[in-house]
Structure formats: structure tokens, C-alpha cells
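**Student:** The structure that follows is given in the form of C-alpha cells.
The values are calculated or read from the model by the stated rules, or taken from the named source; none is laboratory data. Please read these numbers as outputs of a predicted model, since none were measured by experiment. All Cβ positions, even for glycine, are placed from backbone atoms using ideal geometry, and neighbour counts span all protein chains on display. Please note that ligands, DNA and RNA were not included when accessible areas were found on the heavy atoms of the full protein model with its side chains. Shrake-Rupley method; radii C 1.70, N 1.55, O 1.52, S 1.80 Å.
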Amino acid sequence: MTKMKKVLNLLLGLYLILMGLGMILLPEQGVEVAMTLMSLILVVIGIRGLILYFTMAKHMVGGKSILYLNMVLLDFGLVSASMVSQSKIFILAYLIAAHAFTGVVGLLRANEERRYGVGSWKFKYVYAIFNLAIVLACLFFFKSVDTLVRVYGIGIILSGAGEILKIARKEEVVYVM
């Protein structure tokens, strides 16, 4: 992991912790603020990736995948931005679905890394299981919106701590000759 990636993971972890605290302390405004920030971040990442594609990546191997990924991220960001004015329960359902998707993809990636013998698959596996546990806890408390917001806030705080812990993880460097 490069130094810049470590700094970005630290900032992401701190952002998630602050967002989770905001959701716990101010459940009324916390959901709207979280959704607004998430949509803004997705739109910025999508636009940045599209600029990368049109300036350089269209001539690279795998450039089309960069285009498609960033188009999807931009689309998710725009859909998220349009949902900010909706009811809190719809916003939370959308956030929970995003968490479930993250957990399932994390399980698939950890299983793939386990098959290839990569040493960091255990941390990714636990992190994915944790994301799915947050989803199950949110589904259990789905009847009370304020309790659901607080449970989701606790999950976001723990996800932020996981992002910060990723910095300390040892990774192997593979040299191709």
C-alpha cells in the first residue's frame, strides 16, 4: 500500500467515524448529511474516473473497465443525491443495501484471495462478515427508525475503525521479472 493510499484510508476511516457519531448523536439530520456526503463523494470519484478515462485510460489495457466502473459510480452518486429529500426509511434501506453489497463483494474477494494463498484474506473475510452483521442488525431493528439510525451509526464507526486498521496490515510485494 502506497503512502498516499494509507493517508486516504486514514481520512476515510476518520470520515466514517465522524459520520457514525453524527448519526448517533443527531439521528434526525445525520441520515441526510450522510447521504449527501456519500452522494457527493461518489459523484466526484465518478467524474474524476471519467476524466482519467478520456485523457489517458482509453488507450490502456482495461480502459473500458475503468469507464464502466466510473459510469456506475457516477450513476450511484446521482441516484443518491436524488434520494436525499426522500423519507429516512428509504434512505436507510438504500444505505443498508449498499452495505450488503459491500459485504457480499468482500466475501467473494476474500474467498478468491484465500484460493490464491494471499495472506490478508482473513482480515478481509472478517471485515465482510462484519458488514453483513451490520445489515442483519439493521434488518432486526427496522421497525424503529431512530434505533435503526443508531445501529447503522455504530456500524459506520466500526467500519471506519476497520479502514484505519487496514493501514497497519502487512502486504506482500510481488516483483515481476
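**Student:** Please work out the FRET efficiency for the pair PHE142 and ARG48, using the Cβ-Cβ distance as r and a Förster radius of 45 Å; give the result to the nearest 0.05.
**Tutor:** E(calc), rounded to 0.05, equals 0.80.
**Student:** Continuing with the same structure: List the pairs from LYS6/LYS166; LYS6/LYS64; LYS124/LYS166; LYS3/LYS166; LYS3/LYS122; LYS88/LYS166 whose alpha-carbon separation is above 20 Å, in the order I gave them.
**Tutor:** Over 20 Å apart, Cα to Cα: LYS6/LYS64; LYS3/LYS122; LYS88/LYS166.
**Student:** Compute the acute angle (0 to 90°) between the alpha-carbon long axis of helix 63-83 and the principal axis of greatest extent of the alpha-carbon atoms of the chain; round to the nearest 10°.
**Tutor:** Once rounded, the angle reads 10 degrees.
**Student:** Next up: Bin width 5 Å, origin at 0, all Cα-Cα pairs of the chain: what percent of pairs per bin?
**Tutor:** Percent of pairs per bin, in order: 1, 8, 13, 17, 20, 18, 12, 6, 3, 1, 0, 0.
**Student:** Something else about it: Can you send over the carbon and sulfur percentage of the accessible area for the chain, probe radius 1.4 Å, protein chains only?
**Tutor:** 73
**Student:** Give the value in nm², to one decimal: projected area of the alpha carbon convex hull of region 1-58, averaged over all directions.
**Tutor:** 4.7
**Student:** Let me ask something else. Given C-alpha coordinates of region 78-118, what is the ratio Rg to Rh with the Kirkwood estimate of Rh?
**Tutor:** For region 78-118, the value is 1.27.
**Student:** Next up: Test of the criteria: in region 1-56, which chymotrypsin sites (Phe, Trp or Tyr not before Pro) are in a DSSP loop and have at most 10 other Cβ atoms within 10 angstrom of their Cβ?
**Tutor:** none
**Student:** Restricting attention to the alpha-carbon atoms of region 111-166, what are Rg (one decimal) and Dmax (integer), both in Å?
**Tutor:** Rg, Dmax (Cα atoms, Å): 13.9, 43.
**Student:** Quick check for you: with a 1.4 Å probe and neighbouring chains kept, what is the accessible area per residue of region 98-153, in Å²?
**Tutor:** With all protein chains present, region 98-153 gives 63 Å² per residue.
**Student:** If packing is taken as the average number of other Cβ atoms within 10 Å across a peptide's residues, how do 60-66, 144-150 rank, most packed first?
**Tutor:** The most tightly packed comes first, giving 144-150, 60-66.
**Student:** If you fit an axis through the alpha-carbon atoms of helix 27-55 and take the longest principal axis of the Cα set of the chain, what angle between them do you get, 0 to 90°, nearest 10?
**Tutor:** 20
**Student:** Next question, about the same structure. In degrees from 0 to 90, rounded to the nearest 10, what is the angle of the helix 145-165 Cα long axis to the longest principal axis of the chain?
**Tutor:** The answer is roughly 30 degrees.
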